[in-house]
Amino acid sequence: MPPVTRLHAILLAMSDSAKPKTSKDFKRFKDEGYRPGIGRAIGQGFCDARDAIALRLIAAGVTPNMLTIAGFLATCGAAFCFFAGGSYSHASARQLGLPPYMFIAAALIIFASAFDMLDGAVARLGKLSTPLGAVLDSSVDRFSDMAIYVALVGHFVLRQNLTYAILAALALCSSFLISYVKARSETLIPNCGVGYWQRGERNAALLIAAFAGTVPAVLWQQAISPAFTLLRRLVWTYQVL
């Protein structure tokens, strides 16, 4: 089937069940008489653009697993940049004649995040979800966290800076434990998605630090703040049980 015809067929075949569902919070606000704010309009426009791109990817024969792997490769590129220049500010990198590693890392993190969003949209709109794909997506998220923080550990070990190597290692431990506690708790309770410093927030902090050239500073935050999310999930599980 030609790509344009296939895209048209997908658009016609989309059912209400395949469309994004309103979250419980938004439904509660609507039922209580609140009007949608400008944030809802911005978010809806963003989701519409994401779904439009996803539909074209489906028409081109792109699968969710392809996007998942592409996102991981972009993350590995960002990890290399952190390994090569994680402790340098933009000014110091220029003075030393080094490539703009942190700008490159930030761009690659954006690409990786885009692929991470699109693989879910492609799976949903193209009805291409599979159990194996779900496991692959979750596993690649963990491998991506590992790549970034192990690269930072390696960078600071080579520079003989034990403090920041330990901070990067603690950040890695927190990222794994937050996900593990959620997965383990949800075998016992319906939901354990509480706490602020989830993967999206941690990636946003790294992205801002890379753009600003202040990765060592953000490692203090990444080593300390996510531990409170881990504690929050343990306490929440205890309370529900």
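No lab work stands behind these numbers, since they all come straight from the coordinates. Quick caveat: nothing in here was measured; it's all calculated off a predicted structure. Please note: Cβ atoms are built from the backbone with ideal geometry, for glycine as well, and neighbour counts cover all protein chains shown.
Name the chymotrypsin sites (Phe, Trp or Tyr not before Pro) in the stretch 176-217 that are in a loop by DSSP and that have at most 16 other C-beta atoms within 10 Å, would you?
On the way: sites: Phe176, Tyr180, Tyr196, Trp197, Phe211; in loops: Tyr196, Trp197.
Those satisfying the criteria are Tyr196.
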- Item | ³J(HN,Hα) computed for each position of the stretch 98-107 - Karplus, 6.51 cos²θ - 1.76 cosθ + 1.60, integer Hz, glycine/proline x | 8, x, x, 4, 6, 5, 5, 4, 4, 4
- Note on the structure: Longest principal axis of the chain (C-alpha) makes with the long axis of helix 64-85 (C-alpha) an angle, in degrees to the nearest 10, of 20
- In degrees between 0 and 90, to the nearest 10, how far off the longest principal axis of the chain does helix 199-212 point, with axes built from Cα atoms? 50
- Query: Based on Cβ point charges of +1 for Lys and Arg and -1 for Asp and Glu, what charge dipole magnitude is obtained for the stretch 113-241 about its Cα centre, in debye rounded to the nearest 20?
  - Reply: 180
- So how many Å³ per residue does the convex hull of the Cα atoms of the chain work out to? 158
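Given the DSSP H assignment, sum -39500 (n - 2.57) over each helix run of at least 4 residues in the chain and divide by its residue total; what's the result at 222 nm in deg cm²/dmol, nearest 500? Walk me through the numbers on the way to the answer.
Numbers: 10 runs with 186 residues, N = 241.
After summing the helix terms and dividing by the residues of the chain, the value is -26500 deg cm²/dmol.
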- Using the alpha-carbon atoms, what tilt in degrees (0 to 90, nearest 10) does helix 38-59 show relative to the longest principal axis of the chain? 80
